[in-house]
1. Projecting each Cα onto the charge dipole of the chain (Lys/Arg +1, Asp/Glu -1 at the beta carbon, about the Cα centre), which of 194, 280, 47 comes out farthest on the positive side?
2. So what's the back-of-envelope 222 nm ellipticity for the chain, counting only DSSP H runs of four-plus at -39500 (n - 2.57) apiece and dividing by all residues, rounded to 500?
3. Beyond a 26 Å Cα-Cα separation, which of these cross-linked pairs lie in this structure: 80/229; 269/375; 151/308?
4. Hey, with R₀ at 22 Å, roughly what FRET efficiency would residue 264 and residue 365 work out to, going by the Cβ-Cβ distance, to 0.05?
5. Once phi is turned into θ = phi - 60°, what whole-Hz ³J(HN,Hα) does the Karplus curve with 6.51, -1.76 and 1.60 give for every residue of the stretch 123-130, x standing for Gly and Pro?
6. So what J values fall out for the stretch 349-359 if you push phi through Karplus, 6.51 cos²θ - 1.76 cosθ + 1.60 with θ = phi - 60°, rounded to Hz, Gly and Pro as x?
7. Take the alpha carbon gyration tensor of the stretch 270-381, find the square roots of its eigenvalues, order them as a ≥ b ≥ c, and report rounded if a/c is under 1.5; if not, report prolate when a/b exceeds b/c, else oblate.
8. How far is it, in nm, from the label point at residue 326 to the one at residue 72 when both lie 7 Å from their Cα along the line to the Cβ?
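Throughout, read-outs are computed from the coordinates displayed, never taken from laboratory work. Computed from a predicted model, the values in this text were never measured in an experiment. Ideal geometry is used to build each Cβ from the backbone, glycine not excepted, and the neighbour counts take in all protein chains shown.
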Amino acid sequence: MKQVNRIISTYSADVFGAVSALFELGGMIVIHDPSGCNSTYTTHDEPRWFDSKTLLYISALTERDAILGNDKKFIDDVTKTALLQKPKFIALLSAQMPAMLGIDMNGISKVIEKNTNIKTFALPTTSMQDYSVGISLALKKIAGIIIENTKKHYPPNLRKGVNILGLTPLDFALNGADKAITEFFENQDIPVISTFAMNTDFDKLNNAYKAAYNIVVSYGGLSAAKTMKKAWNIPYIIGLPVGMVGENILKLIKTNNNGAAYNLNLNLKKEKKFYLIYESIIAASLATALEHEIGCKITVINTTTTEKEFIRAGDEVFKSESELEEKFKRADLIIADPMYQAIAGNTPFIPLPHTAFSGRTYRGDTLNLAEDFYKIVDEIKKYKL
């Protein structure tokens, strides 16, 4: 029961993370699930749905089809629609019921690819993991397809610039954050070759092999970075370019180094129980940059999927809502999505809305993480450290 949240929200599921990563790439995305989840995703998690087009469908799996194993209807529906729409690829995503029933999504994808002659793949989503896993699965798959597509071009004669990996509106709201990250590098005469996957399309991503570095700004981009490192030997740097972390990213690029740009040895004199919650890599970057500004340790509580090697010393991993509630009672300051305030009691609280956690609820208040960093610094300083 410790895994059950009674009060706070849960994060968007892996299925929706995958959809967010693939949204702009011109593919046909099909969620195999009973009717209803498509509207949840499009209205709560995906702000691009209202101003742009994408081929996103749901299979409307019925109880009869599920029990009797009627895969033919699903295959025929996807095949017919794909031949009509002519997408660049077809992505099949499994929600809870198909995953629990053991439906062979990989086998189905092979049949559909044979029927349509369109690149088709299934991602091992289950709706039981958080959104960052879905982003990771989708971007890794896209990286693999691009590697296959560009074999005849690789290696380039001259590598220059960077790819930005892990950009989706679930972590970076549509308030200019992706543009600000791009401008951060371009203002330093470092061209941005591609962005996985906001303000982009599939053809732009095919140029990714030309980059000298991959910049991983969220966990969702990490597997793609590792895939490109293995295939193209492109090194990667992990971290969001904010404050001191941004300066360190530039330093790592100029000195031909790599690694997590937020792993800095700072001389922190003040001891306070400050906690920060957001996506793991973004949170680690923000916390390190904030520590440099205020001279006080900020502990990140990792509530989304991450890897142990990228967790900073002293940071923690979320265990349960009840344990988090007890920790918050003894805290000096909390920086997190406003929905966490329900278990924060009277502890001072700085809201940091996160679309993947609270959906559209606080969309108008979401910060541009690449530009509004010093607004958070100013808010912390109000508490007279």
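1. Going by the Cα projections, it comes out as 194.
2. Details: 15 runs with 145 residues, N = 385.
That calculation yields -11000 deg cm²/dmol at 222 nm.
3. 80/229; 151/308
4. It comes out at approximately 0.15.
5. My calculation for the stretch 123-130 gives 9, x, 7, 9, 6, 10, 10, 7 Hz in order.
6. So the Karplus estimates, Gly and Pro as x, are 9, 10, x, 9, x, 10, 4, 5, 9, 10, x Hz.
7. Here the stretch 270-381 falls in the rounded category.
8. Inter-label distance under the simple model: 5.8 nm.
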